[in-house]
Amino acid sequence: MINANQNRDKSSTRHRLAAAALASTLVIAGLIIGAPRAAAEPECLRASYDFDGDYRTDPVIGAPGASGRSGTVQVRITNEDREKVVRLQGPNGFGSSVGQLSSYVNEGDDRLCSQLVVGSPQETVDGKAAAGAVYVYAWDGDEFVQRGRYTQGHDGVPGTAQAGARFGATVASATRLHDEVDPRSRRLYVGAPGQDVSSVADAGSVTSFRLGTADRPAAEDGKIISYASAGVPGAPTPHGALGAALSVSHGVVAIGAPGQAVGGVAAGAALIMAEDDAAPFAPRQLSQSTSGVPGSSERGDRFGAAIELAGQEGDAVIPLVVGVPGEDLSSVADAGSAVNVPIRIDSGAPVPVSTGWNQDSSDLAGTAEAGDAFGSAITSVLIGDNWEFIIGIPGEDINGHRDAGMVQVIGDDDFGLSQSSSGIPGGNENGDRFGAALAGGVIGVPGENAGSGAVIYRGPAGDSDPVRWLAPSTNADRYGSAVAP
Ligand SMILES: [Ca+2]
Ligand SMILES: [Ca+2]
Ligand SMILES: [Ca+2]
Ligand SMILES: [Ca+2]
């Protein structure tokens with residue numbers, strides 16, 4: 001439960017709005033994105049998710065498919081303003097998660113700076129239903145070419161395929177911003193929130209590995225982490241669902257376990273660990289029972305159902321925003337909340353200046369109501385030098401339309417956005433679930449048009465005139481269930 005006095009203090013977050021607005025205007029114009037930091041070629045000079053290398057990010061939208069139908073992923077390649085819409089198809093569930101990976105190792109590997117990653121958690125592997133798979137693709141200038149399909153226990157991936165594990169329900173790897181040139185080969189993290197661990201049902205696990213630059217590479221340096229792993233605080237608990245949410249930034253990995261028991265109560269927790277092995281710090285547990293984190297651990301909070309790490313090169317402390325969509329506010333069930341817990345990158349420790357947000361916070365839009373599920377999705381965009389966070393509230397009812405959904409933007413300006421807002425295309429309907437998935441300037445509306453789905457795109461920095469992209473099919477394929485960058 002959250003009290004009014006745990007609402008955040010808005011005064012500490014007033015920043016240089018004019019400079020930020022100028023910088024973002026330049027980004028939209030392509031002037032900053034196109035300017036490498038130094039004569040460092042060949043390297044990964046472009047932002048992640050710029051598959052075609054035109055210095056503009058290419059949005060990715062997953063449509064995992066109605067029951068029994070194939071899943072698809074659409075990539076909107078910017079192609080120097082001659083947009084090229086590319087579609088990939090797989091089995092049902094393909095596109096439940098989407099991400100990217102950099103495998104740059106040596107000069108000449110530039111084509112592997114931004115590879116497309118697609119999760120397909122419903123796939124049968126070794127006869128085990130919903131064991132799950134992930135696919136990795138490289139852009140060859142014309143189309144995405146599959147580099148590999150990765151499943152537990154095959155091609156260097158550790159573990160064993162298990163029915164219902166849902167490997168690939170989430171994927172994450174560190175991304176570069178447009179002004180970073182770090183070319184390092186990255187580790188791909190894959191969540192399996194339905195994995196049974198030590199006979200504990202659906203405790204969840206996360207597998208990580210690297211991919212080299214060879215054709216059809218095997219996974220290298222594979223690892224599995226769960227609450228049964230050495231050095232991880234706590235123990236597996238039933239339906240803990242470790243890996244239900246993932247975020248990686250600046251050497252830190254945050255993993256949500258929204259059903260994990262904390263003090264014997266299934267309130268949810270997050271693991272904070274270092275990207276490279278156990279250095280420089282051992283895994284830490286974070287929850288509403290951690291000192292300094294707003295709220296307290298209660299059954300059904302679903303702390304960690306969504307998780308977002310931000311930060312950029314040179315930061316010693318990076319923001320971590322965790323969704324608590326099952327949080328009750330006073331007697332209002334599942335209204336939801338989110339907490340911002342900045343993390344030290346050298347220790348993984350939270351710094352004691354956490355803030356809590358919910359719809360009853362001053363300056364935030366709307367009112368806390370039962371089932372809002374504030375905090376179901378979270379993303380961030382960098383505006384100038386400042387982070388803006390966008391929080392999904394897919395259970396918001398608007399003008400009598402149940403679960404029409406909205407998002408809350410928190411930054412230099414705080415405002416709500418929905419299909420009632422000026423400039424946002426479309427109207428409010430029952431079950432739209434606007435904001436059920438979020439990434440950068442992309443807002444998923446997977447229930448739009450009776451579940452065929454849509455996305456609203458506000459540009460790479462989230463500040464362009466919004467446009468709506470509708471699902472290519474009128475079937476209930478839930479286009480916009482997963483989005484990137
Ligand atoms: Ca591009
Ligand atoms: Ca709570
Ligand atoms: Ca509300
Ligand atoms: Ca609508």
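Readers should treat all values here as calculations from the given coordinates under stated rules, not as data from a laboratory. This is a predicted model, so every value here is computed, not measured. Cβ atoms come from the backbone with ideal geometry, glycine included; neighbour counts cover every protein chain shown.
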What nm value, rounded to one decimal, do you get for the distance between Arg299 and Ser464 when each label is placed 7 Å out toward the C-beta?
4.8 nm
Based on the Cβ-Cβ distance from Arg87 to Ser330, what FRET efficiency comes out when R0 is 51 Å, to the nearest 0.05?
0.65
Calculate the translational D of region 282-380 in whole µm² s⁻¹ from Stokes-Einstein, where the hydrodynamic radius comes from the Kirkwood formula applied to all Cα pairs, the temperature is 10 °C and the viscosity 1.306 mPa s.
115 µm²/s
Rounded to whole Hz, the Karplus (6.51, -1.76, 1.60) HN-Hα couplings of region 289-294, x for glycine and proline:
9, 6, 3, x, 7, x
Relative frequency of Cα-Cα separations exceeding 23 Å in region 225-340, percent
25 percent
Give the Cα extents of region 4-484 along the principal axes, in whole Å, largest first.
57, 53, 47
Expressed in µm² per second, the diffusion coefficient of region 219-292 from the Stokes-Einstein equation, with Rh the Kirkwood radius over alpha carbon pairs, at 25 °C and 0.890 mPa s, is 194 µm²/s
Quote the convex hull volume per residue of region 306-456, based on C-alpha atoms, as a whole number of Å³.
113 Å³
